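The values are calculated or read from the model by the stated rules, or taken from the named source; none is laboratory data. All of these numbers come straight from a predicted model, not from anything done at the bench. Methodologically, a virtual Cβ is constructed for each residue, glycine included, from the backbone with ideal geometry; neighbour enumeration extends over all protein chains shown.
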Amino acid sequence: MTFIATTEEELSIKDVGGKGFNLIKLTKAGFPVPEAFFITAKAYDAFAEENELKGKILEIIEKVDFEDPNSMQKASDEIKKMIFEAKMPDKIKAEIKDAYKRLYGAPPLNLDFVKPMDAPFVAVRSSGITEDIKGASSAGQYETFLNIKGEENLLKAVQKCWASLYTARVIYYRHKNNQPQDTSICVVIQRMVNSEKSGVAFTVDPRNPKEGSNHIIIEGCWGLGETLVQGNVEPDRYLVDKTTGDILEKVIGKKSLEMVRDPMYGITIQRNVLKENVEAQVLSDMEIVTLAAYCKKIEQYYNYPEDIEWAIERGKIYIIQTRAVTTLEEKEKTKEVEGTPILEGWGASPGAAVGVVKIIRDATEVWKITKGDILVTKMTNPDFVVGMEKSSAIVTDEGGVTCHAAIVSRELSVPCIVGTKTATQILKEGMKITVDATHGKVYAGEIAIEMEEKKGVEIKTKVQVKVNIAFPETADKAKHADGVGLLRLEHMLTKTGMHPIEYVRQERGEELTKIILDGVGKVAQAFYPKPVWVRSLDARTDEFKNMKGGENEPVEINPMLGWHGVRRSLDQPEILKCELNALKRLHENGLTNVVWELPFIINVSELKRAKEIAEEMGAPSNFGIMVEVPACALTIEDFCKEGIAFASFGSNDLTQTTLGIDRDNENLIKIFDEMHPAMQFLFKHVIEVCKKYNVESSICGELPSNRRDAVEFLVKAGIDSLSVNLDAIDKVREQVSELES
Ligand code: PEP
Ligand code: MG
């Protein structure tokens, strides 16, 4: 792969970002997607390396005070300037120019007799490698440039997209979500659809995912979709029945503005909509139904609810992008209050709150918000995230259910009402109000709002559905799971910036124990008495290299199959001893729900040795094991005889070691099949043997979070529990319940 990728290639999110990845998939599946090419993460990395940017960036960010907006803004300005002014390597420039030529079918060489064609307009969209991933939308965080024309303008826009990796709000978002700051970014170059109408569609009602799972919601406006996404117009809203295709509801909005390409100057302009169109229906009924049919097909293709951007140019429908709906948690509902609201709008994120109004005119005022205030504004912008997070509710004048404000408030679980038209006029600074975002109503003063009793009981399944956790902070959000089937220690430890072994070298083992104790303790407390399975440190030698003390790590040619997991823990028992010390203290403190598990184990002797160490220390020695290598799966009976608390498939590694495929090699994704017959054989074998010895069998790789066929197979094979990612708990539970009924 070079710095450029086309829709022909098999690529991963790491190469072309979430947006690019989805566009490639859609194109291959035959959906009407505008022609595009992609500037890969490798291009940004090469650019950053050539200009030695990453080190300089981290140095600047290290000094940021995340409580101080000015400090964040200053760092951002400095980094963006650095990226924008750095020189793009000639090779990358040449490849971009060449791909741009090919996009409109111009011959790659300058041929005699052939006149150069007029360069086409393109949309230049950032495609983040952590963006648009299930469970972590960073909707609208990076920048997009529309109606770009000509090679030099294109190169500038690309560099601006790269720079948008470090806007203040993105730096803050990554910090809040514990994502690394030295990340990468891709860029999608897409033929510009000069749309007369456009908008967004959801294949589920995001305000009410369960009851709304049979609805498709379409929102539309005139011109480019930007006005809608940014919440600058009140769009039309159509509701379509997903089974019959019937249009159930049409709410015609007041669309006074539109963004279009200026026919004279070729730039994007915002202008007033013709009077007769302001309150006219944007999509014809035929267009609504056809678009809904496309949306249904896209959802079927992904087997997951999708959030889709679409555009219509000269009557033809285009799919501009799609991403998984990231917020499908069913929220507690509020009972409707009797009384007269002072304001009504569209409940975009359900829930209720009482608080004091703070009117925010632009991002510079966001810092007025203190915890619990109600953020009232014309329309939120991604720059508002810091204030949105602190507020107890959000009320806006403009916007629809699919605008970024709505998406972000749902992800933050902050009740939000959009499209009230007059919130900033009717609500006054300092006024106390009650917001009932479930019903889209605002009341003066403080009103008690009752929670509606939950319908039915939460689904209980025989096969337990547990959760995988990497950050202790996530535990509170995952408490509805039946336990933690995998708590990874690596992320807890990287935060300190020092390699765990360096603690040992410096004889600071007690500090290491304390970090583990605190992190695991938080999770164990949140889940008590449900079981929490903690995996013993499983960092490969290449993973912690950049941490302090990591420079002493041995260089391995194949770290995946190298010195990690239990084999390393037994060679360097000091770290294991710190872990077991933490385990011992947790049990002493009554948190007896914590069990330790040993990764990448292949010999019973390893289990025996770990037990001896635990016993010598007086720590619990009933270990679980991770089944990640066929050697372990095929000799599972010996492990059961020796005595284990449970056996959990690490299917990510087990696939790698069974199929002989490096799990991180993007060229081999197409054959990385976690349900290969050999895998099915190993799953069945281990589950059967565990049953015989009354040992709990489980799985904690990505497989059950992503594949329904795997859940069905494992449940039918008799597995005792499945451990999945946070956003997959409900959907997997529902499937298990269906399989059990
Ligand atoms: C696995 O291998 O499936 C697993 C859960 O461990 P990791 O992905 O951390 O290697
Ligand atoms: Mg593993």
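Of all residues in the range 197-215, which are more than 27 Å from residue 388 (Cβ to Cβ) and modelled with pLDDT of 95 or more? So that I can check it myself, show each step before the final result.
Of all residues in the range 197-215, those more than 27 Å from residue 388 (Cβ to Cβ) come to 197, 214.
Matches in the range 197-215: 197 only.
Report, ordered by the first and then the second residue, all pairs with beta carbons closer than 6 Å, sequence separation of six or more or different chains, a first member in the range 57-77 that is closer than 23 Å to residue 370 by Cβ, and a second member that is among the acidic types (Asp, Glu).
Once the first residue is closer than 23 Å to residue 370 by Cβ and sits in the range 57-77, its partners that are among the acidic types (Asp, Glu) give 71/65.
Kindly indicate which of 614, 619, 610 is part of a loop (DSSP other than H, G, I, E, B), of a type in the set (Gly, Ala, Ser), touching a helix residue (DSSP H, G or I) at 6+ places or on another chain (Cβ under 7 Å) and more than 15 Å from ligand 2 (Cβ to nearest atom).
It is 619.
Is it the case that the range 637-644 has a residue that's touching a Phe, Trp or Tyr at 6+ places or on another chain (Cβ under 6 Å) and within 14 Å of ligand 2 (Cβ to nearest atom)?
Just the residues of the range 637-644 that are touching a Phe, Trp or Tyr at 6+ places or on another chain (Cβ under 6 Å), to begin with: 640.
Filter once more, keeping what is within 14 Å of ligand 2 (Cβ to nearest atom): none.
No, the range 637-644 contains no residue that is touching a Phe, Trp or Tyr at 6+ places or on another chain (Cβ under 6 Å) and within 14 Å of ligand 2 (Cβ to nearest atom).
Quick check: is even one residue across the range 663-686 within 16 Å of ligand 2 (Cβ to nearest atom), part of a loop (DSSP other than H, G, I, E, B), surrounded by fewer than 21 Cβ atoms within 10 Å (Cβ to Cβ) and in contact (Cβ under 8 Å) with a residue 40 or more places away in the chain?
yes
Can you name the number of the only condition in (1) within 16 Å of residue 489 (Cβ to Cβ); (2) more than 16 Å from ligand 2 (Cβ to nearest atom); (3) crowded, with 21+ Cβ neighbours inside 10 Å that residue 572 fails?
Failed condition: (3).
If you check 724, 695, 736, which single one turns out to be among the hydrophobic types (A, V, I, L, M, F, W, C), out of contact with any Ser or Thr (no Cβ under 6 Å at 6 or more places or on another chain), assigned by TED's automatic domain parsing to the domain that holds residue 601 and farther than 23 Å from residue 10 by Cα?
Every option except 695 fails the conditions.
Please go through the range 645-662 and pick out each residue that is within 12 Å of ligand 2 (Cβ to nearest atom) and in a helix (DSSP H, G or I).
Across the range 645-662, the qualifying residues are 651, 652, 653, 654, 655, 656, 657.
Give the residues of the range 3-56 that are under 18 Å from residue 102 (Cβ atoms), charged (D, E, K, R) and touching a residue at least 12 places away in the same chain (Cβ under 8 Å), sorted by residue number.
9, 35
Got a number for residues in the range 575-592 being more than 27 Å from residue 498 (Cα to Cα), surrounded by 19 or more Cβ atoms within 10 Å (Cβ to Cβ) and out of contact with any helix residue (DSSP H, G or I) (no Cβ under 6 Å at 6 or more places or on another chain)?
0
Considering only the range 637-668, how many residues are away from ligand 1 (no atom under 16 Å from the Cβ) and closer than 20 Å to residue 697 by Cβ?
Qualifying residue count, the range 637-668: 9.
Residues of the range 546-562 being under 26 Å from the mean Cα position of the chain (by Cα) and either under 21 Å from residue 646 (Cβ atoms) or not aliphatic (A, V, I, L, M) (or both), which ones? Give the derivation first.
Taking the range 546-562 and keeping what is under 26 Å from the mean Cα position of the chain (by Cα), we get 546-547, 560.
The answer is 546, and nothing else.
I want to confirm something. Restricting to the range 392-446 and keeping residues that are among the hydrophobic types (A, V, I, L, M, F, W, C) and surrounded by fewer than 20 Cβ atoms within 10 Å (Cβ to Cβ), which single residue is modelled with the lowest pLDDT?
Among residues in the range 392-446 that are among the hydrophobic types (A, V, I, L, M, F, W, C) and surrounded by fewer than 20 Cβ atoms within 10 Å (Cβ to Cβ), the one modelled with the lowest pLDDT is 412.
Of the conditions (1) part of a helix (DSSP H, G or I); (2) closer than 25 Å to residue 588 by Cβ; (3) modelled with pLDDT under 95, residue 529 satisfies every one except a single condition; which number is it?
(1)
Select the helices (runs of 4 or more DSSP H) contained entirely in the range 1-106, then report the ones holding at least 1 residues which are polar (S, T, N, Q).
The qualifying helices (runs of 4 or more DSSP H) are 13-28, 69-85.
Quickly run through the range 478-514 and pick out the residues that are of a type in the set (D, E, K, R), more than 16 Å from ligand 2 (Cβ to nearest atom) and closer than 21 Å to residue 698 by Cβ.
479, 482
What pairs come out if I take residues in the range 557-580 that are assigned by TED's automatic domain parsing to the domain that holds residue 620 and part of a loop (DSSP other than H, G, I, E, B) and pair them with residues that are charged (D, E, K, R) and surrounded by fewer than 21 Cβ atoms within 10 Å (Cβ to Cβ) whose C-beta lies under 6 Å away, six or more apart or interchain?
Pairs that qualify, where the first residue is assigned by TED's automatic domain parsing to the domain that holds residue 620 and part of a loop (DSSP other than H, G, I, E, B) and the partner is charged (D, E, K, R) and surrounded by fewer than 21 Cβ atoms within 10 Å (Cβ to Cβ), are 562/556; 564/540.
Filter the range 486-530 for residues that are in contact with a Gly (Cβ under 6 Å, 6 or more places away or on another chain) and within 16 Å of ligand 1 (Cβ to nearest atom) and give the result.
Result: 492, single match.
Take residue 734 and decide whether it is away from ligand 1 (no atom under 15 Å from the Cβ) and farther than 25 Å from residue 634 by Cα. Break it down stepwise before answering.
Numbers: away from ligand 1 (no atom under 15 Å from the Cβ): yes; farther than 25 Å from residue 634 by Cα: yes.
Judged against the criteria, residue 734 is a match.
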